[in-house]
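Working notes for the structure below.
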Amino acid sequence: MTSNSASATSASNGPASTAATISAPASAAPAASSTATPIPPASAISIDPAASDQRNLNDLMEQVMGVYSVSDDEGPLTDMVEAFLRAQPHLTVRRHGDTLVASTDFGKAHRVVLAGHLDTVPVIDNFPPLWLEPGDPLIREDVAADHPSERVIWGRGATDMKGSDAVLLFLSATLTDPKYDLTFVFYDHEEVAAEKNGLRKVVEAHPDWIVGDFAIIGEPTDCGIEGGCNGTMRFDVVAHGVAAHSARAWMGDNAIHKAAEILNRLNARENKAIDVDGLTYQEGLNATLICGGNGTNVIPDECRVHVNYRFAPDKTLTEAKALMMGADCGAELGNGEHVATGGVFEGFGIEMKDESPSARPGMDDPLVQSLVELVRERTGREPLAKLGWTDVARFSQLGIPAVNLGAGSPLLAHKHDEQLPETDLTLMAGILTDWLS
Ligand SMILES: [Zn+2]
């Protein structure tokens, strides 16, 4: 789950201060009645074939949670995950930067990709992680209501997305005779700017490493399925005028006044909910910034309205652009301003700033259908549309249908009190083990 609001990292919680990280976090210091048990950093990732699934999943969760891995500091956790994957004789492991790709090669007819990011958003006094016993005051009321007699793991990354990482590591070791060939991807820099994204980098550098018929990304969904995603584009709509002294305004042409028409067109537009493959995507077309004028007594010669269009996956990026500015406007990233030849902003200047395609949910795929049925049976959840932009779209660009399915509540991602009840791990592991066996 990408962050757009990264907070400053507290130096005392950084990776270098190992001694300090053993004690409980200061501002979230457990109350007197707290049962909190801090989880110390692990030196290696391992499981015990003789132990129960819940025990192994809890151990894996402790091991990945105990290692600090805020974006830019994924290296130590990646090293540990790599060593664990390389110890599995049925996997071929490759590494590009801090991204790991581990594949089976059983010669199956289909291949499923399972992906998780190893980085987290910055720590806010929520590292090191804690185990909380049932009834502990640090357990959120909503979590306690759904899981009244359960232990809960608390701390940075618990839901986004080290719970799913732990489950994927478990599957990488235990699915030695799967129904499909499997490719596990553990990647860096998901929570920061797209150009740093490890999944994007590995796809660009080694497209042959990431192939498959279907992909699951373990972003938190409460073990439901969230399919596809809206595309997004951002661009300036530019009104031009003629500068003049405001005492002799008739000598000029006011660009800010002209921009009123841009806002009128935005107000006139009805943002629709659009059904794609049975899921509902809410579109949005909004001005998010406006600027114009360069003097208090100068008729402005330019006004820019920055527009963000979130479009449903019934449209390609090209089709969405045509709706905004006409099919032959010619405005592309980095090529400056072009006049809209049609669409909502016909006649105004357009300068593209950012564009990302949508992703169809691929719910008609038979592979997906069988997963949807299994998730419905285990959780009672119907698939939902993903509204934000996620790495699902990267797989879509490769022609691989993809969904999000992961442990933990998406509502707790990036929160100070991120936490995960332990049976979320066994629920996700059970669904995927049964679907893939
Ligand atoms: Zn995430």
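The values are calculated or read from the model by the stated rules, or taken from the named source; none is laboratory data. What you see is a predicted model, and the numbers here were worked out from it, not measured in a lab. Every residue, glycine among them, receives a Cβ derived from its backbone with ideal geometry; neighbour counts consider all protein chains shown.
Among the residues of region 401-410, those identified as over 11 Å from ILE217 (Cβ atoms) and part of a loop (DSSP other than H, G, I, E, B) are PRO401, ALA407, GLY408, SER409.
Per the listing LEU374, LEU420, LEU432, LEU427, the residue uniquely farther than 30 Å from ALA322 by Cβ, in a strand (DSSP E or B) and at pLDDT 95 or above is LEU420.
I want to confirm something. Restricting to region 399-435 and keeping residues that are among the charged types (D, E, K, R) and farther than 22 Å from VAL372 by Cα, which single residue is surrounded by the most Cβ atoms within 10 Å (Cβ to Cβ)?
From region 399-435, those among the charged types (D, E, K, R) are 415, 417-418, 422, 424, 434; that's our starting set.
Those left that are additionally farther than 22 Å from VAL372 by Cα: 415, 417-418, 422.
Numbers: LYS415: 17, ASP417: 15, GLU418: 28, GLU422: 20.
Once the filter is applied, the top-ranked residue is GLU418.
Just give me the residues in region 205-224 being aliphatic (A, V, I, L, M) and within 16 Å of the ligand (Cβ to nearest atom), in sequence order. Hits for region 205-224 are ALA215, ILE216, ILE217.
Looking for whichever is more than 16 Å from the ligand (Cβ to nearest atom) and either of a type in the set (Phe, Trp, Tyr) or at pLDDT below 95 (or both) here; the options are GLU351, GLU355. Which one fits? Lay out the reasoning, then the answer.
On the way: GLU351 fails: either of a type in the set (Phe, Trp, Tyr) or at pLDDT below 95 (or both).
Every option except GLU355 fails the conditions.
Looking at region 112-123, is at least one residue at pLDDT 95 or above, surrounded by fewer than 17 Cβ atoms within 10 Å (Cβ to Cβ) and in the same structural domain as ILE39 (by TED's automatic domain parsing)? Within region 112-123, not a single residue is at pLDDT 95 or above, surrounded by fewer than 17 Cβ atoms within 10 Å (Cβ to Cβ) and in the same structural domain as ILE39 (by TED's automatic domain parsing).
Listed conditions (1) free of Cβ contacts under 8 Å to residues at least 60 places away in the same chain; (2) in a strand (DSSP E or B); (3) within 16 Å of the ligand (Cβ to nearest atom) are all met by LEU114, apart from (1). Picking from residues in region 33-79 that are of a type in the set (Val, Ile, Thr) and more than 20 Å from GLU190 (Cβ to Cβ), the one that is surrounded by the fewest Cβ atoms within 10 Å (Cβ to Cβ) is THR37. Residues of region 205-221 that are surrounded by fewer than 24 Cβ atoms within 10 Å (Cβ to Cβ) and either of a type in the set (Val, Ile, Thr) or modelled with pLDDT under 95 (or both): PRO207, ILE210, VAL211, ASP213, PHE214. Flag not set for SER149, criterion: within 14 Å of the ligand (Cβ to nearest atom) and closer than 20 Å to ASP222 by Cα. Within region 170-199, the set of residues being assigned to a loop (DSSP other than H, G, I, E, B) and in contact with a Gly (Cβ under 9 Å, 6 or more places away or on another chain) comprises TYR180, ASP188, HIS189, GLU190. Among residues of region 150-162 that are under 15 Å from GLY116 (Cβ atoms) and of a type in the set (S, T, N, Q), those with a Cβ under 7 angstrom from a residue that is within 12 Å of the ligand (Cβ to nearest atom) and part of a loop (DSSP other than H, G, I, E, B), sequence gap 6+ or separate chain, pair up as THR159/PRO220; THR159/GLY408; THR159/ALA413; THR159/GLU418. Evaluating ASN294 against the criteria (1) at pLDDT 95 or above; (2) over 28 Å from CYS229 (Cα atoms) leaves one unmet condition, (1).
Quick check on this structure: which one of VAL167, VAL202 is more than 16 Å from the ligand (Cβ to nearest atom) and either assigned to a helix (DSSP H, G or I) or under 21 Å from SER409 (Cα atoms) (or both)? If you could, list the steps in order and put the result at the bottom.
Numbers: VAL167 fails: more than 16 Å from the ligand (Cβ to nearest atom).
After applying the criteria, what remains is VAL202.
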